[in-house]
Structure formats: C-alpha cells, structure tokens
Amino acid sequence: MSGLTVEAVTFAVGGRTLVRELSFRVADGAALSILGPSGSGKSALLAFVGGHLERVFAARGRVWLGARDVTGLAPERRGIGLMFQDDLLFPHLSVGDNVAFGLDAGVRSRAARGEAVAQALREAGLEGFARRDPATLSGGQRARVALMRSLVAAPKALLLDEPFGKLDAPLRRDMRSFVFDHARRRALPVVLVTHDPADADAAGGEILQLGTPP
Amino acid sequence: MGNKGVNPAQALALALIVAPTLAGLGVTLAAAFGYLPALGSAAFSLDPWRRLLAEPGLWASVRLTLGVGLASTAISLALALALLARRAPGGWALAALLASPHSAIAVGLAFLLAPSGWLARLASPWATGWNAPPDLALVGDANGLALTLGLIVKETPFLLAVGAAARAQFPAQAELRAARALGHGPGRAFAFIVAPQLYRRIRLPVFAVLAYGLGNVDMALPLAPSHPAPLAVLALHWLLSPDLDDLFVGEAAAALQLGLTLAAAVAWFGAEHGVGALGRALARRGARGFWLDAALAAGAWAGVATLALGFASLAGMIVWAFAWRWPFPLALPQSWTLALAIRESGRLAGPLATTAALGAATSLASLSLAVAWLESEQRGGQRARVGAVCLPLLAPQIAFLFGMQTVLAWTRLDGTLAAVAWAHLLFVFPYVLLALADPYRALDSRYARAAAALGVGPNAALWRVKLPLLRAPLTLAFAIGFAVSAAQYLATLFAGGGRVATLTTEALALAGGGDRRMSALVGLSQTAAPLAVWLAALAAARR
C-alpha cells in the first residue's frame, strides 16, 4: 500500500465544526485538489496533514503515508513537503544554501551535496545561481527554487497551499506544469489547496469541494 | 534643492546628542594626555598614563572589565534567543524588569545573594547547616560573577523585548513551518533560520549592551569587587577625587575604557563573522540532528530562571523595606513596620520629584524631536540613519560624561537641572527614537494620503490622523524614555556637579553602606516611579 491516506478528519475552531469525518486517498503520482472559499478550513486541513496545525483547532483523524501512521508525529518527522503562496526562501542564505538546507541528510559528502544542489538548480533552469542572493531573483525563479528545496528533502508527499496565488497569469501556467511534472516524475502524492479552478484542472486529479461557511 | 543630507530636525538632534558626546570624548582624550586648559594645564604629557600604568592591579581590573562585559553580553543574548525560540513572555510580564533602573536590580540582587540574603535563608539550615549568616563573599566576588549575573538579569529582558519586536518584522512563524516541513526540528529551524535574521535586527541594542556591560558603574558599585574594581569604577574614584592630579589619571583610565570598548566591539565583530560562517556551513550540511532542541529548551529554562531572579530581586526589596524583626534563617520577617517608610518619605520626596520632573521633561522633549525627525524623514522621502544618534549608547559613559561636564562648566550650565536634563537626553532620545521609528515608518501612508485627498494639509494630518493612530507606540516610547532617565547615574552625578539628587543617585550613595532597610526603600521607590508610568502607558495603549 502506498500513497497518502487521510481518514475521518474532523476539526473545529471556536466550537464551529469546519470539516466533519472527511476521508480521502491520493495515490503516488496523483493529485487531489481541494477547493473552497476562504474560511472553509482548506488551509487548516492541509496544516493538519502536514502536522502544522495550531492548537486553537480541535482536530481528530488519522494521516497515513503508505502503511505508516504519521498522525502523532512532529512535522519534521513526517516526510511531508509543504509549499506556500509565499516562496519563503530564507533571505539570509544564498540560493544554493537554501536548497542545501533542504537537501536530504542522506547525501553526505560535500562533493555529492554540492552536485545535488547544482543538479536541482539545473532542473529549475537556474544553473549557476547557487551563490546568488534570493532577493535578486524574479518571482518565478524564487518559486522554482522553493519547489526544488522541498523536493531535495526527499518527501513522501507534497502539500501545496495556494502556491500559485501570487504569480501573474502566464507565469502561473508555467509554474503549474513545472510543479506537477516534478511531482509526477517523483511519484509523489500531491494535495493542492486553491480557490482557482484552473489550478485544479492543471493538477488533473480528483476535486474535493469544501463547504461554504455559514 | 538637492539637499540629500540632514534636515533641520535631524540637525538639531545631532547638535543636541552627538555634538556633546564627541566634545566629551575629545576632552577626555585630551585630558588623558594632560591637556585641560580649563584647569590650567595647557601642555601635553604622558604623566597620567605613567601613573595609571603604575597602578597596582590595573591589569586585573582590565581583565575583570573585559570578562564581565563579554560574558554578560553573550549569555544575555543566548538566554534571550532561547526564550524567543519559545512563545516569549509579553509586555506586561516584563514591564517591572524593563522599567527598573539597573542600580535597583543590582541592589535587590545583592540582597538576594548576600550571606544573610534570601537565597541563603531559603537553603538554611536544612541544606547548608547554617544557623548564622556564613562568612562568604557572595557579592563582590573577585571574578565579578555577581556583577555578571546582575547584568544578565537586567539585559536578558531588554534583549528579549527588542527581539520580540524584531521577530514581528519578518514572517518568522511561516519560515519555521517551512524549515520543519524540510525535516528540521524546531531547534534547528530556529537556530539556522530565525535566529540569524533576528540577530541582524537587534545588533545595535546588542552593542549597547556590550558597551554598558564593560563600562557601567551603577551595577558595579553594589555588585562588583572593589579590589580590583572594574576599570570604570576606578576611573570614577579618580575623577571624583579632590586631588587635581588624580583627575588626569581618571581621564587616562576613561580613555583606556574607550579603548577596551573598541577592542571588545572588534572582537564581537569577529565572533559575529565566525558564528555566521559556521552557521551557514552547518546549514549547508543539512544534518537533521535534534540536540539543538534540547539545548534551546535548557536555555529557555535558564532564561525563565533569570527572569525569576529579577522578580525575586524586586520582591526582596519590598520585604526588606518593611521588615522589622527578621532573624536568620527565617524566610520572612517576624514583624513588619511602616515606620521607616513614613519617617523617610519626606527625605525621598525631593529626589522623587526631581526624578519625575527630569523623566517627564526629557521624554517629552525626546518624543517631540523624534516625531519631528521621523515626520521630516517621510516628507523628504529619505530615510535617515538612526545609528549616529546612538553614539551615547555605544560609547562608555565614563569616557564622555565627565568631559561633557567640563564643557558645561565652561558655559556655566553645570550643576543646574537643565544641564542634567541635557545629559539625560543623550540616552533618552536614542531609545525613544528607536522605540518610535518602526511603528512610525510602518504606519500605512495611505492614511495621510487619504487625509490629503480630503483637503487636510500635512501638519493637520500629522496632528489629527497620524499621532492619534500612533497613540500606543507614543505612550510606550514615553514610558521607555522616563525609565531611561530615571536610571541615569553618571549623567546625573557629573552634569549635576553632585548637587542634583535623584532616586538613583540616592540609591547608589547608600549602596556601600550597611543600611539595608533604607537601601531597600530607595530601591523600591526607584522602581516604583518608572513602573507606574510604564503600567499607565500600557493601560493607555490598550484602550
């Protein structure tokens, strides 16, 4: 058994139940898009899966990666990558060091790590950018670096929280195919949260509509 | 106009703050080489240095000064960062420690640590076997540990407060989440991602803490050893000596203090580079170890203990001030009295009034000047650097305040309340400006533009739109300024020519003596005055 399984999630904030007994499964290399207006709890649902949910939410349910129950684990022990609307490149580290900070610790030698970072930047079309300050990059370049940083950590699943929301239209198209190509190539289950149906079309998988808040 | 430099408000601030500091430093350096025409010495000589270098114990004093300054700064910074890695305590909880003058914390801590103090009492006789106060030098130990601890107790909450403000300026929480999604534990995520960005924003306060740790006398008088004393204390004794020759030696010692401060700052710069390079190398290696989680948790507990020690120092003074019969080793007095407080309240009324007047006047003046500075900066469309006016916080006080006094004496201003207020302004204005700058610059400029669109001129918009919107930061900046003024010791002593008494000068005059109740009473009123203003400001800001 593989893929990402979410089982009977219920959570409430301030006594209001946002999601009730929700279950879904995303196979390796497939994508699930969660659509819903703001306040419907879609970002909180993603945070629950990644282990980042703040304590103000009373949440219940289980998260499985393949046959492994990761529900009780801290986010850093789940192996679930996360991308946000903001690229959140760390401004005090160079582009290469941002990627290196994400790179799986299993890649040990300095030479191997350097090569892995260079390879990731090549895949992002940013060969030779390793020493650059992230502030000198364009929005699209930054978003690609952020994705590569997530991928080199060798996650078992990828969560995307409105990752294209801040890009303008042509860039958004390029970035969509960039993200989903990479995820498919690595056979990652992807959960995408968005309010843009075009994102869901590009993801090409199932669509889950979360209810409107009262 | 091409006027890219300084606008009138900034020019005034530079003239009021930086000019006297530089003049004071200049006088000190000249006098260290025997040149002080005001005292009839118009020839350069190396005699002050010869006498200073011949002073027995000078090098022990230098070592003590450097050790205390560097260790207290590094430890305070580490504790504050460890606390910031957690959900750090907010404004109300820290107010008492932030508002208390350094010397009040020092006096309170000396009570705690003394052989007959609270800590010994709480551990006696069950743990120590003491039935009488032991004969131990727990305060004023030769290594300056008590002084180092005192500085840590006072500076950790300060760095915590400026750090909390800095953390609000970048998406620290989201970056932590991003780092943890990459597989890094919370400790590594904080240490490698948040801490460097935080540190970059609080460098100036850190260097101020370093300069103060090296050069303070107000915490050193109650807590430091006297043989060897820290260099600044040695310098002070010489400067206050009636013997004219001693004065030149004191100026040489003050100049040496300036040199030590510069050397320590250079060493700190080096350490910044080293730690930064090491951090980036470790981040690049991408190891996912979790020992930093434990280290930061331990640091946070040590930080909480430090804050608790600060509160205990203040609480101890309340007990001492009203204790009547209190035999060792009881933890609390057997009987209490208000007699001393009532008898001495008359004597303290004068210094209290002077403290309040100086605090209110300098804070208000600083607020006006800071608003003028920031408003002209916005209208001119150019950000001015705040660094220059912080010179008084970064230079050792002993190295320019006495020199400033000689300048004041030359203008016949010395010994007046106005002179003391001016000397306080050197410290109050930078803190007020720093407290106000970020909120002022962050204020959404669309408010002012909306007002302009309604036909309101820029001055009316300032009064009717901006200042009301900034009420909370303005009141807090006032409280900070008041507390800074209330804490000033050397500035009051020198500019006042010993004739202007505030609660802080009273407290330090009592520090050497044995009257603990009186010391406690003064220390308490020293804390109560700025704390009352601080709490009122917090309450007003909330409304």
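Looking only at the range B:261-298, which residues are over 30 Å from A:Glu115 (Cα atoms), within 22 Å of the chain's Cα centre (by Cα) and surrounded by fewer than 20 Cβ atoms within 10 Å (Cβ to Cβ)?
B:Leu262, B:Ala263, B:Ala265, B:Val266, B:Ala267, B:Trp268, B:Phe269, listed by residue number.
Among B:Ala435, B:Ala479, which is over 23 Å from B:Gly380 (Cβ atoms) and buried (at least 18 other Cβ atoms within 10 Å of the Cβ)?
Numbers: B:Ala435 fails: over 23 Å from B:Gly380 (Cβ atoms).
B:Ala479 is the lone residue from the list that is over 23 Å from B:Gly380 (Cβ atoms) and buried (at least 18 other Cβ atoms within 10 Å of the Cβ).
Identify, please: which residue in the range B:164-181 is surrounded by fewer than 23 Cβ atoms within 10 Å (Cβ to Cβ) and of a type in the set (Gly, Ala, Ser) and is, among those, nearest to the other protein chains (Cβ to nearest Cβ)? Spell out how you get there, then give the answer.
As a first pass, look at the range B:164-181 and keep what is surrounded by fewer than 23 Cβ atoms within 10 Å (Cβ to Cβ): B:164-177.
Filter once more, keeping what is of a type in the set (Gly, Ala, Ser): B:164-166, B:168, B:172, B:174.
Details: B:Ala164: 19, B:Ala165: 18, B:Ala166: 13, B:Ala168: 16, B:Ala172: 11, B:Ala174: 6 Å.
Result: B:Ala174.
Here's the yes/no breakdown for (1) in contact (Cβ under 8 Å) with a residue 60 or more places away in the chain; (2) within 14 Å of another protein chain (Cβ to nearest Cβ):
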site: A:Ala111; (1), (2): no, yes
site: A:Gln119; (1), (2): no, no
site: A:Ala124; (1), (2): no, no
site: A:Thr136; (1), (2): no, no
site: A:Leu147; (1), (2): yes, yes
site: A:Ser150; (1), (2): yes, yes
site: A:Leu158; (1), (2): yes, yes
site: A:Ala169; (1), (2): no, no
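Within the range A:27-45, how many residues are outside any helix (DSSP H, G or I) and surrounded by fewer than 21 Cβ atoms within 10 Å (Cβ to Cβ)? Full working, then the answer.
Residues of the range A:27-45 outside any helix (DSSP H, G or I): A:27-41.
With surrounded by fewer than 21 Cβ atoms within 10 Å (Cβ to Cβ) added as a condition, the list becomes A:27-30, A:35, A:37-40.
Summing the residues that are outside any helix (DSSP H, G or I) and surrounded by fewer than 21 Cβ atoms within 10 Å (Cβ to Cβ) in the range A:27-45 gives 9.
Can you tell me which residue in the range A:58-105 is farthest from the other protein chains (Cβ to nearest Cβ), limited to those that are surrounded by fewer than 18 Cβ atoms within 10 Å (Cβ to Cβ) and part of a strand (DSSP E or B)?
A:Arg60
Mind checking whether some residue in the range B:398-410 is assigned to a helix (DSSP H, G or I), without any contact (Cβ under 8 Å) to a residue 60 or more places away in the chain and aromatic (Phe, Trp, Tyr)?
So far as the range B:398-410 goes, no, none of its residues is assigned to a helix (DSSP H, G or I), without any contact (Cβ under 8 Å) to a residue 60 or more places away in the chain and aromatic (Phe, Trp, Tyr).
Take the range B:309-328 and flag every residue that is of a type outside the set (Phe, Trp, Tyr) and part of a helix (DSSP H, G or I).
B:Leu309, B:Gly310, B:Ala312, B:Ser313, B:Leu314, B:Ala315, B:Gly316, B:Met317, B:Ile318, B:Val319, B:Ala321
Please indicate, with yes or no, whether at least one residue in the range A:129-138 is aromatic (Phe, Trp, Tyr) and at pLDDT below 95.
no
Quick one: B:Gly26 ticks every box in (1) of a type outside the set (Val, Ile, Thr); (2) in the same structural domain as B:Leu367 (by TED's automatic domain parsing); (3) touching a residue at least 40 places away in the same chain (Cβ under 8 Å); (4) crowded, with 16+ Cβ neighbours inside 10 Å except a single one, so which number is it?
It is condition (4) that B:Gly26 fails.
Need at least 3 residues that are under 30 Å from A:Arg149 (Cα atoms) and aliphatic (A, V, I, L, M) per element, so show me which helices (runs of 4 or more DSSP H) inside the range B:144-236 make the cut, counting only ones lying wholly within it.
Qualifying helices (runs of 4 or more DSSP H): B:145-167, B:172-181.
Return the residue satisfying two criteria in turn: it lies in the range B:182-193 and is under 29 Å from the mean Cα position of the chain (by Cα) and buried (at least 24 other Cβ atoms within 10 Å of the Cβ), and of such residues it is farthest from the other protein chains (Cβ to nearest Cβ).
B:Phe190
The values are calculated or read from the model by the stated rules, or taken from the named source; none is laboratory data. Here the structure is a predicted model, which means the values were calculated and not measured. As a convention, Cβ positions derive from the backbone with ideal geometry for all residues, glycine included, and neighbour counts pool all protein chains shown.
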